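Bear in mind these aren't lab numbers, they're just calculated from the coordinates by the rules spelled out. Computed from a predicted model, the values in this text were never measured in an experiment. Positions of Cβ are backbone-derived with ideal geometry, glycine not excepted, and every protein chain shown enters the neighbour counts.
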C-alpha cells in the first residue's frame, strides 16, 4: 500500500497561500494548514475594537481559506518567540519596521519543526518570485529555504517551475508539470487560477497582513522604543499601538485617546495599568497616560482630554483622573484649543 | 465526560481560538469546553475553527459584553 504523502501549508489568509495549498491537494497530497500569530497580524483587530466596524462582515481569512480548502488549520501563538525577529532582524527591515525576510525564515523554520514533530513530508508556501520587494525575490527565496533549514522540503507551487526541483518533485510526490511558473507582481495569473478552482470572495489586503508594513504603526513602535530607551515590547504594548490617537506632549509620557465607543471600551481594560482620565462634565474619550507624570503633566493631560471631549468649546471641563493604585481626583480645566496642540505631538 | 472552562476574556481574535484549540487538545471526544470571551469576532471564528476540526458548537450565549461559546469535542479529536 502506498504511503500517504502529507504536507503543511503556511496559510496567511491571502490568495496565494490558498492557491498554493490547493495546487498540491490536486495531486493527491494530504494537506493541513498552519497559521502563525505574531501579535502584529492585521486580522480583525480593528474590526473587533472599533464600534463603527462591528457591523461589517468579519471573518478570519486564514480560517476562511481552510474552510474553502476543507483542511485543518493549526493556529500557533508565536508572540514571544517573534520578538527577536522584530527587534534584531539579521536581514534588516523593509521600508518600515517590517522584517519580512527574517519573518519568512522564522515561519518556515517553525513549519519545519512542525512537520518533523508530526511526520509530514514537506512545506508549502504561496511565495512567487518577484512578488514582493524583500522576501520574494529570486535571490532571497533560496535564503529562506537555506536559513530555515527546510531546504529541499520547501515547495512553492505557484512559481516552482522557475526554481530548482524540490524533494517533492524528485521523489515523485508532485508532478512538476502540474505546478506553476508565476513570476512578478502581476496578480492576473493568481486571479485566473482562483477562478479555475472556483474560489470567490478571497481576501486581497492592499497593505499586506502585518501592521509592521504600515508606516504610521511603525512610527508609533519606534516612538515606544526610543522613549523607553529599549527595543522591547509586550503584547499589550503592540495592541495599544493599534488603538486610538497617540499624542506625546512631553518626552516622558504619551496619551492614548479613545476615538469612539468601541475604542473606549477596549481601553477600559487597561485602567488598572495606567493613569487614566475621563471627562465627567461632558461626554468624551477615555484617555490613558503612558509614562511618568507630575502635577503639571496631569493638568496638561486633563486639558488635552477636555479638548477631545464634547466640552471642547466650553469654558471649563471637569475630568476624573484615576491612578492604577485606585486613587481618584477631580480636576476642572480649560480645554486646550486645537491651535495650541503642535502637530509634532501627534505620534 | 469532562468539562473545562477557558478564560479568553479581553483577548482579541485569534487568541480566543488559540486558547480553545489548546484546551481541546487535552480533551476526549464528547468532552465540553466553555469558552468565555469578550471579542465579538469569536462568534464567527470559533465556529469556523470547530467546523474544520470536526467539533460542535453547542451554544453561543451573549450577555452584555460577555460571550460564552460552548464546544463539544468531536470524534476526530
The relative contact order of chain A, taking Cα pairs under 8 Å that sit 6 or more residues apart, comes to a percentage of 15
Computed over chain A: longest principal axis from alpha-carbon atoms vs helix A:188-197 long axis, angle to nearest 10 degrees, is 70
Provide B:76, A:320 in ascending order of the number of other Cβ atoms located within 10 Å of each residue's Cβ, fewest first.
-> B:76, A:320
Once you have a ≥ b ≥ c as the square roots of the Cα gyration tensor eigenvalues for the stretch A:126-209, tell me rounded if a/c is under 1.5, and otherwise prolate or oblate according to whether a/b is larger than b/c.
-> oblate
Sorted by Cβ density within 10 Å, fewest first, the residues A:252, B:55 = A:252, B:55
Bridge type composition, chain A - antiparallel percent by DSSP, nearest 5 = 60
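I'd like to know how the protein assembly as shown sits against the 2.2 N^0.38 Å rule of thumb: what's its Cα Rg over that expected value?
1.10
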Fully extended contour minus Cα-Cα distance, from residue A:323 to residue A:231, at 0.36 nm per residue | 30.5 nm
The distance between the Cα centres of the stretch A:91-116 and the stretch B:1-68, in whole Å, is 29
Inverting the mean 1/r over all pairs of different Cα atoms, compute the Kirkwood radius of the stretch A:243-345 and quote it in Å.
-> 13.2
Rounded to one decimal in Å, the inverse mean reciprocal Cα-Cα distance for the stretch A:6-211, i.e. its Kirkwood radius, is 17.3
Percent RCO, i.e. relative contact order, over the stretch A:243-345, from Cα pairs under 8 Å lying at least 6 residues apart = 25
Taking B:36, A:97 and counting other beta carbon atoms within 10 angstrom, the fewest-first order is B:36, A:97
Based on the Kirkwood radius over alpha-carbon pairs, what is the Stokes-Einstein translational diffusion coefficient of the stretch B:3-72 at 37 °C with 0.692 mPa s viscosity, in µm²/s?
-> 283
Span from the the stretch A:12-37 Cα centroid across to the the stretch A:237-268 one, whole angstrom = 37
Using alpha carbon centroids, what distance separates the stretch A:187-203 and the stretch A:301-347, in Å?
-> 51
